[in-house]
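Q: Structure below; questions to follow.
The values are calculated or read from the model by the stated rules, or taken from the named source; none is laboratory data. Being a predicted model, the structure only gives us computed values, none of them experimental. Positions of Cβ are backbone-derived with ideal geometry, glycine not excepted, and every protein chain shown enters the neighbour counts.
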Ligand code: SF4
Ligand code: SF4
Ligand SMILES: [Zn+2]
């Protein structure tokens with residue numbers, strides 16, 4: 001048979017998994033028509049081509065944002081079957097836990113069609129015991145010494161009958177920052193709840209679902225129109241100024257046109273310190289949707305931020321050095337009614353060296369003036385933060401003027417997770433968003449949802465034995 005020249009550029013080689021049998025397969029990273037694809041081949045299920053980025057330059061740029069790995073203080077599992085079947089963390093992992101999730105309940109007062117945890121109010125769903133929760137918190141702390149961020153999650157964590165005791169317990173451990181991942185229903189319904197939450201600051205923040213302003217989009221993602229609930233929850237959080245990040249699950253064709261509007265809205269909310277965008281892959285009601293090729297990639301969400309928002313430009317949305325393939329961020333300062341993008345003033349080298357460095361805010365006259373103004377007027381003890389790293393995850397020690405506090409920082413983050421389609425073993429080894437397993441393992445969030453959650457682990461043995469036979 002005659003051979004043909006390739007109609008793509010073979011960029012590099014990695015390993016992935018087959019999206020059907022989840023066995024490890026070789027994968028070429030190829031560039032074709034200004035897009036980046038994983039081209040895999042499973043000996044049982046044949047070839048598979050998956051879109052992983054629609055921005056070739058940004059994909060390449062991510063490789064310049066790799067900094068030396070930071071290690072946890074211990075490993076939890078031995079290397080036995082090879083990545084990704086040894087989670088974890090096994091000694092082959094390449095990043096400690098910047099953020100560790102702790103699921104305290106399976107129960108939820110919503111039943112979102114997109115729920116990865118399959119949570120609901122069904123009677124067999126249960127709350128985790130205080131003993132188990134303490135065991136898992138201790139596992140996180142043993143791994144990290146002092147943990148950067150623990151995110152209390154679920155299900156809906158506010159439904160746990162011992163919710164505030166759990167917060168007290170977490171506060172008593174060496175953890176720099178505690179987050180609560182919530183759908184906001186409880187906060188909307190009970191005004192005193194936000195007041196109680198405010199008492200856990202500083203070092204405390206809420207991650208509140210906020211996907212859309214459109215009733216039909218909310219119904220598609222969450223099973224019902226939560227517009228009023230979201231507004232009410234935010235009113236309560238604003239009233240008590242409880243540090244809040246809005247979390248937007250972005251679904252192609254449903255809310256990817258609302259990204260700029262959500263950022264603008266977030267900037268107007270007193271309590272809101274940022275927005276996190278998480279692209280999901282789902283066919284929904286879109287016709288002819290192919291999860292391999294019609295995917296919403298991180299690069300597309302990034303472009304939407306740049307084109308839809310007046311605040312963040314291309315230079316402001318940069319790869320996060322601890323896991324550049326899956327995280328991109330932009331920072332802005334909210335100063336005296338103005339919003340000034342900040343990331344472009346951070347020297348790129350300072351992001352990679354991992355030591356204390358200075359924001360070169362002198363380069364911008366407007367910014368300089370605002371910062372000096374702030375210096376002279378701010379006397380609050382809470383505003384003595386000396387470095388952005390102390391305020392925010394995933395940054396090196398970047399010195400900020402002492403009067404810049406959490407109140408002034410606004411962060412936009414894109415957090416993409418790997419699934420059986422875009423799974424790249426090179427990338428997953430750098431995952432820094434982990435989840436505590438009830439048995440004390442600390443597992444990358446991506447692999448947990450594919451291999452290790454609840455009943456999935458029994459399949460894992462079959463995959464391992466199948467792949468070695
Ligand atoms: S993802 Fe990390 S922890 Fe899991 S097997 Fe691979 S290297 Fe080990
Ligand atoms: S609110 Fe969260 S935990 Fe509850 S069903 Fe929705 S996605 Fe799942
Ligand atoms: Zn296969």
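Q: Could you tell me which residue of the stretch 406-423 is nearest to the chain's Cα centre (by Cα), considering only residues that are over 13 Å from residue 295 (Cα atoms) and surrounded by fewer than 21 Cβ atoms within 10 Å (Cβ to Cβ)?
A: 415
Q: Quick one: how many residues across the stretch 25-58 are touching a helix residue (DSSP H, G or I) at 6+ places or on another chain (Cβ under 7 Å) and not in a strand (DSSP E or B)?
A: So the answer is 4.
Q: Can you go through 78, 91, 47 and tell me which one is within 16 Å of ligand 3 (Cβ to nearest atom) and either touching a strand residue (DSSP E or B) at 6+ places or on another chain (Cβ under 6 Å) or free of Cβ contacts under 8 Å to residues at least 40 places away in the same chain (or both)?
A: Matching residue, one of 78, 91, 47: 47.
Q: Condition test on residue 173, is it surrounded by 15 or more Cβ atoms within 10 Å (Cβ to Cβ) and more than 16 Å from ligand 2 (Cβ to nearest atom)?
A: yes
Q: In addition: When the stretch 59-79 is examined, which residues are found to be touching a helix residue (DSSP H, G or I) at 6+ places or on another chain (Cβ under 9 Å) and in a loop (DSSP other than H, G, I, E, B)?
A: 66, 67, 68, 72, 73, 74, 75, 76
Q: Has the stretch 289-299 got any residue that is assigned to a helix (DSSP H, G or I) and at pLDDT 80 or above?
A: So far as the stretch 289-299 goes, yes, one or more of its residues are assigned to a helix (DSSP H, G or I) and at pLDDT 80 or above.
Q: While we're on this one: For residue 58, which of the numbered conditions (1) crowded, with 22+ Cβ neighbours inside 10 Å; (2) within 23 Å of residue 325 (Cβ to Cβ) fails to hold?
A: Residue 58 satisfies every listed condition except (1).
Q: So which residues in the stretch 264-280 are in contact with a strand residue (DSSP E or B) (Cβ under 7 Å, 6 or more places away or on another chain) and more than 16 Å from residue 209 (Cβ to Cβ)?
A: Across the stretch 264-280, the qualifying residue is only 267.
Q: Could you tell me whether any residue of the stretch 98-120 is more than 16 Å from ligand 2 (Cβ to nearest atom), assigned to a loop (DSSP other than H, G, I, E, B) and either within 22 Å of residue 177 (Cα to Cα) or in contact with a strand residue (DSSP E or B) (Cβ under 6 Å, 6 or more places away or on another chain) (or both)?
A: yes
Q: Being in contact with a strand residue (DSSP E or B) (Cβ under 6 Å, 6 or more places away or on another chain) and more than 9 Å from ligand 1 (Cβ to nearest atom) is the filter; apply it to the stretch 421-433 and report the residue that is farthest from residue 65 (Cα to Cα).
A: 421
Q: Scan the stretch 146-181 residue by residue and report those that are assigned to a loop (DSSP other than H, G, I, E, B), more than 18 Å from residue 244 (Cα to Cα) and modelled with pLDDT of 95 or more.
A: 160, 161, 162, 172, 173, 174
Q: For the stretch 1-24, how many residues meet the condition of being within 20 Å of residue 324 (Cβ to Cβ) and either buried (at least 19 other Cβ atoms within 10 Å of the Cβ) or in contact with a helix residue (DSSP H, G or I) (Cβ under 6 Å, 6 or more places away or on another chain) (or both)?
A: Counting residues in the stretch 1-24 that are within 20 Å of residue 324 (Cβ to Cβ) and either buried (at least 19 other Cβ atoms within 10 Å of the Cβ) or in contact with a helix residue (DSSP H, G or I) (Cβ under 6 Å, 6 or more places away or on another chain) (or both) gives 3.
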